[in-house]
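The values are calculated or read from the model by the stated rules, or taken from the named source; none is laboratory data. The structure displayed is predicted, hence computed values, not measured ones. Glycine gets a Cβ as well: all are built from the backbone with ideal geometry, and neighbour counts include every protein chain shown.
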Amino acid sequence: MNSIEIKELLNNLSSDFNSEIKNTAIILAAGHGKRIKSNTSKMLHKILEIPTVNRVVNACENAIEQINTVVVVGIKADSVSQSVGKKSNRIFAFQEEQKGTGHAVQVAINSMKTENYDGNIFILPGDMGLFDVETMRMMKDEFENSDADMIVLTGLFEGNPTENSYGRIVRVPEFDVFGEKSQDFGKVFCILENKDIHSITDENYFEFDFNGKKYRYSKQELINNNEFNSGAFVFNYQKLVNQLFTIDTNNAQGEVYLTDLIELFNKQNWNVRAVSPKNQYVVMGFNTKSVLSEMNAIAYDLVYQKIKDLVEIEDPKDFFISENIVKQILDYDKQGILIDLRIGKGSIIKGNVKLNKNLFIERNVTIAGNVSFGENVLVKANSIIGAEGNKKIIIGNNVNICGDVVIKGDVEISDNVNIRKYIFVKGLKNPSKIGKNVEIKGFTTIEDSIIGENVQLENCFLRNQEVESGRNICCEKLL
């Protein structure tokens, strides 16, 4: 797409900015990520099968009931915006040239087309794929319940301090150089880069003035400081806009850096504070496939920890359940409903799957899309059950699906059906329906057909057929 086509696409996907809503999230998703070494935008690389940018957007919109969301896109703008999709109070802004994080926010602010807005602005990187609802709410509460005009979400480095390459958050110490207690204790003075820390000689200090008082840190104190910038912020909108467009580009890259606002806010005597999340993994971003794999592993473990006492899982390291289904399991538990779900090694359950009591899934089974289960269903190894798009699979009570069975498309299976090995049931052009008390075995394919009750099928191929109740068909091909 050329830039004109992209702008037209973004305009069609965007809603109007609602200035009555007092919270706005700006998601920075314009970069491609050279180090990820992929033709796919870094923002579209997935954690638990959900693109990272979608996960950040979802966390913001699920955490705060009413929120505007501005997604800044640039490289691969068409695929990133289409992945996130259209929704009320969601805007897409086009950063045609990538000139730094501050420039991306400038583009976002301009896209809002408002002068009188008065609210909270949350800024989050689109690759922070483990960012969650809890942290978003914490940031909002901390900002609204403090004197802060700007909050920096920080991470805490947990390794050897000498191996910490992050820039450090430098806060105002509790006491100044004369031992007097500071009224500004804990405020953020700056972010000091690791290389600048190591350039300080052992006998010297990093000294600075803040509100008329002098403070200092030794080189070792700075090295041992484990607090670093995550790239996520909260601002008062009016104060952000007041300073955002004054950031200069006097740096080697000639870019607009959002972190320069710390110094600018301090010059205005506006309060800059920092908070760190309860779980450090939420601040993780990625530039390489190996770090993305680490984030996926964390996400898998989080899923397991949530449901390990509610679901019988054969191998905690080799299964997949999408997060909406995890929520379904947790909701059942809140209601006191015992579902007795068992999941075999290597099995996958994703999409709009509706679980039910006593669902036993053996090894290497894939269940995806709009699939609804009755009670007491057994799905044996290597089976595939999938309904894409608007198609739907409904499986009744007391159904036994043996291994190596494929069920696809629009299919309705009634109660007490026994499907043996090597069976294909498809509803491709028209729905396939199987009545009660049916047994299907052998190498049988049922496509776009209706099977009555009390029927036995063996080694058959049925397409566009209607089989009367009570029939026994063996080794026939009916087209």
TODO: Evaluate the stretch 94-105: report whether one residue or more is over 24 Å from the mean Cα position of the chain (by Cα) and in a helix (DSSP H, G or I).
DONE: yes
TODO: State whether one or more residues within the stretch 125-138 are farther than 28 Å from Glu5 by Cβ and among the basic types (Lys, Arg).
DONE: yes
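Could you tell me which of the residues Leu258, Leu264 is out of contact with any Asp or Glu (no Cβ under 8 Å at 6 or more places or on another chain), within 21 Å of Cys60 (Cβ to Cβ) and assigned by TED's automatic domain parsing to the domain that holds Ser19?
Leu258
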- [ ] Report yes if some residue within the stretch 51-58 is among the hydrophobic types (A, V, I, L, M, F, W, C), within 22 Å of Lys113 (Cβ to Cβ) and outside the structural domain of Lys317 (by TED's automatic domain parsing); otherwise report no.
- [x] yes
Task: the stretch 210-245 - residue that is surrounded by fewer than 19 Cβ atoms within 10 Å (Cβ to Cβ) and among the hydrophobic types (A, V, I, L, M, F, W, C) and, of those, nearest to Thr24 (Cα to Cα) - done: Val241
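What strands (runs of 3 or more DSSP E) lie completely within the stretch 389-479 and have 1 or more residues being touching a residue at least 12 places away in the same chain (Cβ under 8 Å) and either acidic (Asp, Glu) or not assigned by TED's automatic domain parsing to the domain that holds Leu359 (or both)?
Values: elements: 393-395, 406-413, 423-434, 439-441, 444-447, 456-458, 461-463, 472-474.
Output list reads 406-413, 439-441, 444-447, 456-458.
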Open item on the list: I need the full set of residues from the stretch 230-286 which are hydrophobic (A, V, I, L, M, F, W, C), part of a loop (DSSP other than H, G, I, E, B) and either closer than 16 Å to Val188 by Cβ or free of Cβ contacts under 8 Å to residues at least 40 places away in the same chain (or both), in order please.
Closed with: Ala252, Trp270
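Among the candidates Ser165, Ser146, single out the residue that is surrounded by 12 or more Cβ atoms within 10 Å (Cβ to Cβ), among the polar types (S, T, N, Q) and not in a strand (DSSP E or B). Please lay out each step first, then the result.
Numbers: Ser165 fails: surrounded by 12 or more Cβ atoms within 10 Å (Cβ to Cβ).
Going through Ser165, Ser146 in turn, just one is surrounded by 12 or more Cβ atoms within 10 Å (Cβ to Cβ), among the polar types (S, T, N, Q) and not in a strand (DSSP E or B): Ser146.
Considering only the stretch 236-288, how many residues are under 25 Å from the mean Cα position of the chain (by Cα), of a type outside the set (Val, Ile, Thr) and under 18 Å from Gly100 (Cα atoms)? Step through it out loud before you land on a result.
First pass over the stretch 236-288, keeping only residues under 25 Å from the mean Cα position of the chain (by Cα): 258-259, 274-288.
Then keep just the ones that are of a type outside the set (Val, Ile, Thr); that gives 258, 274, 276-281, 284-287.
Okay, now just the ones that are also under 18 Å from Gly100 (Cα atoms), so 258, 285-287.
Qualifying residue count for the region: 4.
If I filter the stretch 122-143 for residues that are of a type in the set (A, V, I, L, M, F, W, C) and either at pLDDT below 95 or touching a Lys or Arg at 6+ places or on another chain (Cβ under 6 Å) (or both), do I get at least one hit?
Residues of the stretch 122-143 that are of a type in the set (A, V, I, L, M, F, W, C), as a first pass: 122-124, 128, 130-131, 133, 136, 138-139, 143.
With the extra rule that they be either at pLDDT below 95 or touching a Lys or Arg at 6+ places or on another chain (Cβ under 6 Å) (or both), the set shrinks to none.
No, the stretch 122-143 contains no residue that is of a type in the set (A, V, I, L, M, F, W, C) and either at pLDDT below 95 or touching a Lys or Arg at 6+ places or on another chain (Cβ under 6 Å) (or both).
Being within 18 Å of the chain's Cα centre (by Cα), assigned to a loop (DSSP other than H, G, I, E, B) and at pLDDT 95 or above, is that true of even one residue in the stretch 48-60? Show your work before the answer.
Within the stretch 48-60, the subset within 18 Å of the chain's Cα centre (by Cα) is 48-60.
Cutting the leftovers down to assigned to a loop (DSSP other than H, G, I, E, B) gives us 48-49.
After this cut, where a residue has to be at pLDDT 95 or above as well, the list is none.
No.
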Open item on the list: Any residue at all in the stretch 112-122 that's surrounded by 22 or more Cβ atoms within 10 Å (Cβ to Cβ) and within 24 Å of Asn242 (Cβ to Cβ)?
Closed with: yes
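Taking the stretch 445-470, which residues are on the phi > 0 side of the Ramachandran plot and of a type outside the set (Asp, Glu)? Lay out the reasoning, then the answer.
Taking the stretch 445-470 first, the residues on the phi > 0 side of the Ramachandran plot are 448, 454, 459, 464, 470.
Asn454, Asn459, Asn464, Gly470, listed by residue number.
Just wondering, is there one or more residues in the stretch 111-127 that are part of a helix (DSSP H, G or I), of a type in the set (Asp, Glu) and either more than 30 Å from Asp301 (Cβ to Cβ) or assigned by TED's automatic domain parsing to the domain that holds Thr24 (or both)?
Kept after step one, since they are part of a helix (DSSP H, G or I), are these residues of the stretch 111-127: 111-112.
When the remaining residues are screened for being of a type in the set (Asp, Glu), the result is none.
Looking through the stretch 111-127, none of the residues is part of a helix (DSSP H, G or I), of a type in the set (Asp, Glu) and either more than 30 Å from Asp301 (Cβ to Cβ) or assigned by TED's automatic domain parsing to the domain that holds Thr24 (or both).
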Open item on the list: On the basis of being more than 30 Å from Arg35 (Cβ to Cβ), part of a helix (DSSP H, G or I) and among the acidic types (Asp, Glu), does Asp141 make the cut?
Closed with: yes
- [ ] State yes or no: is Ser293 more than 22 Å from Lys195 (Cβ to Cβ) and polar (S, T, N, Q)?
- [x] yes
